[in-house]
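The values are calculated or read from the model by the stated rules, or taken from the named source; none is laboratory data. Note that the structure is a prediction, hence the values are computed from the model and not measured. Every residue, glycine among them, receives a Cβ derived from its backbone with ideal geometry; neighbour counts consider all protein chains shown. Ligands, DNA and RNA are excluded from the accessible area calculation, which covers all protein heavy atoms including side chains. Shrake-Rupley method; radii C 1.70, N 1.55, O 1.52, S 1.80 Å.
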Amino acid sequence: MRGVSNRHLGATLAGVLAIAPANATFPLAPLGLPIGFTILASLAAGLLAAALTYWIFGRRLSIEKHESIPVEKVEGKKASLISIINTAGNEAIQSVLGIIPMLLLSLVIVIGLQAAGAIGWLVTTLRPALLASGIDEMFVLPAITKYLAGNTAFVGLVHEMSQESGFNAKLLWQGAGFLIHPLDLPGIAILTSGGPRLAKTLWPALAGAFVAIMLRGFVTALMC
């Protein structure tokens, strides 16, 4: 992140948040997800999110490049390959360990809601509003799972749903634009674990990504 301004960093984060991740896109291909269209739509959404964040939502972020301090430059010249590998590996492990609690909490919340019958109650409560909006109630559980537990849990749930009778893959893929992206609780935790500078750009990035995802979702619903 050295040599990059906070404004550029926020735009990049927004673009990543709006793009469909490989760990959700390709595992869903056997169930009929249109891979080509999904990738193209997500790339367009990523570019739009980055542009919106840079020019509108993140215009107050600093455009000054973040350069290495003298100590970092000296250490960088003296560091050996083994030292660089060890340092990078240690930072990666710390990042992974830092996001585990959030991932576990997300899974516990979803499982707890299902066990307590809260999902069924929510579907029943929202049914009139969903019917009035033309939204099928089958989206409730996948949406809750995706936004609380992330893409991996969402993919697992969809594969389970595909084994049940009455599963309508085409109907689910019409809402794929709203669901297949890293803008969820675990995704935000992972992407912002890279340091305080990323955290500073979070809100402008979230705004840009949200607008782009909504537009992508409506386009996907019309095209699929």
Worksheet item: Which value, in Å² and to the nearest 10, is the accessible area of I93 when all protein chains are kept and the probe is 1.4 Å?
Response: 100 Å²
Worksheet entry | Pairwise Lys count, the chain - Cα closer than 22 Å, eight or more residues apart or different chains | 4
Fill in: Stretch gain in nm, segment L31-L47, where the contour uses 0.36 nm per residue and the Cα spacing is subtracted
3.0 nm
Discussion item. Can you give me the angle between helix 35-52 and the longest principal axis of the chain, using Cα atoms only, in degrees from 0 to 90, rounded to the nearest 10?
Written reply: 50 degrees
Response to the item:
The longest stretch of the chain containing none of the GluC sites (Glu not before Pro) that sit in a DSSP loop with at most 11 other Cβ atoms within 10 Å is 68-163
Worksheet item: Under the rule of -39500 (n - 2.57) per DSSP H run of 4 or more residues, summed and divided by the residues of the chain, what mean residue ellipticity at 222 nm is obtained, to the nearest 500 deg cm²/dmol?
Response: -22500 deg cm²/dmol
Fill in: Longest exposed-site-free window of the chain, the sites being trypsin sites (Lys or Arg not before Pro) in a DSSP loop that have at most 15 other C-beta atoms within 10 Å
66-224
Practice prompt. Give the angle, between 0 and 90 degrees and rounded to the nearest 10, that separates the Cα long axis of helix 140-149 from the longest principal axis of the Cα atoms of the chain.
Written response: 20 degrees
